[in-house]
1. To the nearest 10 degrees, how steeply does helix 202-212 sit against the main Cα axis of the chain, on a 0 to 90 scale?
2. Quick one: length gained pulling residue 356 to residue 396 fully straight, 0.36 nm per residue minus the C-alpha distance?
3. Say R0 is 56 Å: what FRET efficiency, to the nearest 0.05, do residue 65 and residue 144 get from their beta-carbon distance?
4. Run the helix sum for the chain: -39,500 (n - 2.57) per DSSP H stretch of 4+ residues, divided by residue count, reported at 222 nm to the nearest 500 deg cm²/dmol.
5. For residue 217, list long-range residues whose amide hydrogen, built 1.01 Å from N in the peptide plane, is under 5 Å from its own amide hydrogen.
6. With a sphere of radius 10 Å drawn around the Cβ of residue 340, what net charge do the other residues whose Cβ falls strictly inside it have (Lys, Arg +1; Asp, Glu -1)?
7. Quick one: accessible surface of residue 349, probe radius 1.4 Å, all protein chains present, in square angstrom to the nearest 10.
8. Can you compute the radius of gyration and Dmax for the stretch 142-238, using only the Cα atoms, both in Å?
Amino acid sequence: MALVPIAEALERLLEGAAPLAGENVPLFEAADRVLAEPLVALRTQPPFNASAMDGYAVRAIDVASVPSRLSVIGMAPAGRGFDGTVSHAQAVRIFTGAPLPEGADTIVIQENVRDLGGSDVEVIEPTAQGRNIRRIGLDFSKGDVLLEKGRVLDPAALSLAASANHSRVSVVKRPLVAIIATGDELLPPGSELGPDQIISSNAYGVAATAQSVGAHALDLGIAADRKDAIAALVKEAVSAGADVIVTLGGASVGDHDLIHNVLTGEGMTLGFWKIAMRPGKPLMFGRLGDIRCIGLPGNPVASLVCSQLFLKPLLARLGGRDYRQDIRPARLGAAMPANDLRQDYVRAVVREDNGALVATPFGIQDSSMLRMLANANGLIVRVPFAPAAAAGEACSVLMLR
């Protein structure tokens, strides 16, 4: 089977992927969710002409010249307006957010008023008509579209939704990713290892990748290298309502690489298998009904790089998010050899030097070395058949953080 170019593989993987259905959730559970429909104001804000400051509600004509002596006829705290009317040489003590009393057209801030004792005050600084008043509908009016479909509900958007009197919002369902690790040699972290065993680490990085674009991750644990064990966890993923099934390892061509056979036996239609990239050649993709299945390589670095390039864009699209890889121009910090037919993603340290990015590759690029990946903040992208390049030459870097 010929190796599939990365762009073609990504196109096949994303084909037909659209935001999942909406669900109605309480506003307190909507942080970082994506709106499934436009959010419309259910009320007008402010709902009345309101004081923007603590001070006195007056008629501008009465304070056109200063000092001006006024009689305070009442009080208007926030949440309880003054019922009367402000007339000639009168004022109402008012607080921020309270409705503007009838007859008043200006708020004089309290710092510009002197208490004369009794019910009288004196305005000592001039105030223009209409000052310090928030007019009705200043922020928004009932029926206004406040947030468009697809908006991620950040803190400001959530507060706006609450202000518009929404206690619940319609948001795109979070994609559910079921993760299945495979391998007789694997044990979970914290285990006592035998002489032939290693820790299963890939699931944690893949789950974090999924969660970074708003998806739920369901860890189904480790399946032994038996078809029945793998099939049982695939069935569990289907029963859980997974939108995406991710398998870790077992997608290559060895005697114990069983993922392809198990998934096709369960009804998966193969989309592609083996792509022209390094690390990550054994990547597999298919459809099991509406469920998308991604078989990631067992090598940790390959698994995480493929998650970045393929799983993350898929989950972003299913979750209604706008997502693009952060690819930037840079200069090489060290020489690199010519490339072969596969597109390379080379772990590198990227730093800024005189306003330009310099990407220096690590000397060892073995796909089992997680420490190297954890220390890398970028991947130098080397296209197929790229010629040898000297230090200082231009390159492209996929930023990881």
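1. 30
2. Length difference between fully extended and current span is 13.2 nm.
3. That gives a FRET efficiency of 0.85.
4. It comes out at -5000 deg cm²/dmol, rounded to the nearest 500.
5. Excluding prolines and chain starts, which carry no amide H, the hits are 177.
6. +2
7. Residue 349 has an accessible surface of roughly 60 Å² with all protein chains in place.
8. 20.5, 69
The values are calculated or read from the model by the stated rules, or taken from the named source; none is laboratory data. Owing to the predicted nature of the structure, the values given are computational and were not obtained by experimental measurement. Note that we place each Cβ from the backbone using ideal geometry, even for glycine, and neighbour counts take in every protein chain shown. These accessible areas exclude ligands, DNA and RNA; they are computed on the full protein's heavy atoms, side chains included. Shrake-Rupley method; radii C 1.70, N 1.55, O 1.52, S 1.80 Å.
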